[in-house]
Amino acid sequence: MKVNIIGPLPPPYGGISVHIKRMMLYLINNNVEVAINNEFEHNCKNVKNRNCIQSCAKLVLKILFLKADIIHFHTINKKIRILLGFFRIFNKKIILTIHGQSLHDQLKESSWISKRLLLFSMQKINMIVCVNSNTINELIALGINDKKLIYIPAYIDPIEKEDDFNKIPQCVWSFIINSKFLISANGCIRFYNNEDLYGIDMVIELIRKLKYGGYNVSLLIALLGTNMENDSEKSYHEDLKNKIIEYNLQNDILIFEASDTEFYPILKKSKLFLRPTSTDGYGVSIAEALYYKVPSIASNVCNRPEGTIIFKSRDVEDLYTKTIDVIENYHVYKEKIKDINKPNNGEKLLDVYKELNSKI
């Protein structure tokens with residue numbers, strides 16, 4: 001069986017690209033032939049198993065001539081999603097994974113014609129993998145056959161490599177070593193409904209309140225995609241840095257502008273992980289933190305991994321209360337998550353491939 005995956009590979013590191021990288025390694029370890037076609041990669045490097053596609057037209061032509069048993073798309077591009085049903089005419093076995101809120105937003109914002117075309121395409125492809133169970137309910141309500149819908153979170157266990165630790169700068173390791181109680185968060189500068197999507201503003205406010213309350217904590221924010229920020233995002237980024245200076249937290253908060261680094265080496269050293277997103281599909285980093293037995297607090301915007309501590313979205317006071325409770329009762333929260341059994345999402349996805357491949 002040969003599987004072609006259409007989507008990004010790191011760098012940059014993000015939820016989708018990390019998922020694809022780890023799934024590729026999982027398939028290779030299970031003797032499955034796999035190739036990655038890197039969709040619209042602007043920073044394409046010569047990486048084994050990766051082929052780069054530079055335009056929508058080239059992508060269509062590429063797919064038509066791919067020699068693969070399964071073609072698995074991770075695209076969030078609406079035009080490509082509309083075209084997926086077209087590929088079925090050529091007897092291609094097509095899977096689409098829907099990450100985050102992208103499809104919900106596309107259906108909400110599309111014209112009547114675009115919405116019908118999108119749903120028609122969804123109905124024609126072989127399988128839709130949803131990382132958020134709410135997406136399944138939404139698609140069923142819109143008439144999509146529930147037999148082609150499956151819920152599989154995007155998290156796949158990391159395969160640790162020494163190089164991943166070596167890529168973390170020494171200044172970051174020094175900050176980690178000197179931290180008594182390290183809190184970590186990750187994300188990028190993006191807006192959703194005119195709010196900070198990843199809640200970077202909230203975690204800065206949280207540290208200010210904690211320090212004022214006498215708690216000896218440090219915050220490490222791994223910020224991705226800083227080289228892709230537009231003007232308004234760059235301005236907001238500077239505002240956040242100035243806020244840290246204004247609060248006199250330069251020694252307590254480090255913004256690590258990551259590019260070619262995994263996040264798990266930082267998680268392994270963290271005491272607490274925060275995911276205060278204003279919208280989300282699941283929160284892969286939460287599952288990863290829990291894998292390393294790190295208590296995790298996340299907003300209530302979607303289903304979260306078992307063991308996650310939930311707070312009300314965009315409510316700094318609730319986040320503050322939950323954080324203090326974790327700090328003051330840390331051993332209790334560590335005990336709660338020590339025996340959590342996580343499903344093997346890589347195995348689940350491989351089973352989907354095998355089942356689909358067995359069908360004529």
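The values are calculated or read from the model by the stated rules, or taken from the named source; none is laboratory data. None of the values given here were measured: they were computed from a predicted structure. Neighbour counts run over all protein chains shown; Cβ positions are idealised from the backbone, glycine included.
Residue-wise test of (1) free of Cβ contacts under 8 Å to residues at least 40 places away in the same chain; (2) closer than 25 Å to N303 by Cβ.
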residue: T97; (1), (2): no, yes
residue: H104; (1), (2): yes, yes
residue: L117; (1), (2): yes, no
residue: I125; (1), (2): no, yes
residue: V129; (1), (2): no, yes
residue: N134; (1), (2): no, yes
residue: N137; (1), (2): yes, yes
residue: A141; (1), (2): yes, yes
Restrict the check to the stretch 340-349 and report whether at least one residue is within 17 Å of the chain's Cα centre (by Cα), farther than 30 Å from G214 by Cα and among the acidic types (D, E).
no
For I168, state whether it is surrounded by 15 or more Cβ atoms within 10 Å (Cβ to Cβ), in the same structural domain as I244 (by TED's automatic domain parsing), farther than 30 Å from K359 by Cα and among the β-branched types (V, I, T).
yes
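Give me a count of the residues in the stretch 320-336 that are of a type in the set (A, V, I, L, M) and in contact with a helix residue (DSSP H, G or I) (Cβ under 6 Å, 6 or more places away or on another chain). Reasoning before the result, please.
At the first step, the residues of the stretch 320-336 found to be of a type in the set (A, V, I, L, M) are 324, 326-327, 332.
From what's left, in contact with a helix residue (DSSP H, G or I) (Cβ under 6 Å, 6 or more places away or on another chain): 326.
Adding up the residues that qualify gives 1.
Conditions (1) outside any helix (DSSP H, G or I); (2) modelled with pLDDT of 85 or more; (3) in contact with a strand residue (DSSP E or B) (Cβ under 8 Å, 6 or more places away or on another chain), marked per residue:
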| position | (1), (2), (3) |
| --- | --- |
| N46 | yes, no, no |
| C52 | yes, no, yes |
| K58 | no, no, no |
| K92 | yes, yes, yes |
Does any residue in the stretch 6-30 that is under 18 Å from V352 (Cα atoms) come within less than 8 Å, Cβ to Cβ, of a residue that is acidic (D, E) and in a loop (DSSP other than H, G, I, E, B) six or more places away or on a different chain, and which pairs are these?
R22/D157
Filtered residues of the stretch 103-144 (kept if in a helix (DSSP H, G or I), more than 24 Å from the chain's Cα centre (by Cα) and not aliphatic (A, V, I, L, M))
W112, S114, K115, R116, F120, S121, Q123, K124
Give Y212, Y192, Y198 a once-over and let me know the one that is crowded, with 22+ Cβ neighbours inside 10 Å and among the aromatic types (F, W, Y).
Y198
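Just the residues that are of a type in the set (A, V, I, L, M), touching a helix residue (DSSP H, G or I) at 6+ places or on another chain (Cβ under 9 Å) and loosely packed, with under 15 Cβ neighbours inside 10 Å, please, taken from the stretch 100-158. Step through it out loud before you land on a result.
Filtering the stretch 100-158 down to residues of a type in the set (A, V, I, L, M) leaves 103, 107, 113, 117-119, 122, 125, 127-129, 131, 136, 139-142, 144, 149-150, 152, 154, 156.
Right, trim to touching a helix residue (DSSP H, G or I) at 6+ places or on another chain (Cβ under 9 Å) and you get 103, 107, 117-119, 122, 125, 127-129, 131, 136, 139-140, 142, 144, 149-150, 152, 154, 156.
Scanning the stretch 100-158 gives I140, L142.
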Does the stretch 301-316 include one or more residues that are part of a helix (DSSP H, G or I), over 22 Å from the mean Cα position of the chain (by Cα), surrounded by 15 or more Cβ atoms within 10 Å (Cβ to Cβ) and not assigned by TED's automatic domain parsing to the domain that holds V129?
yes
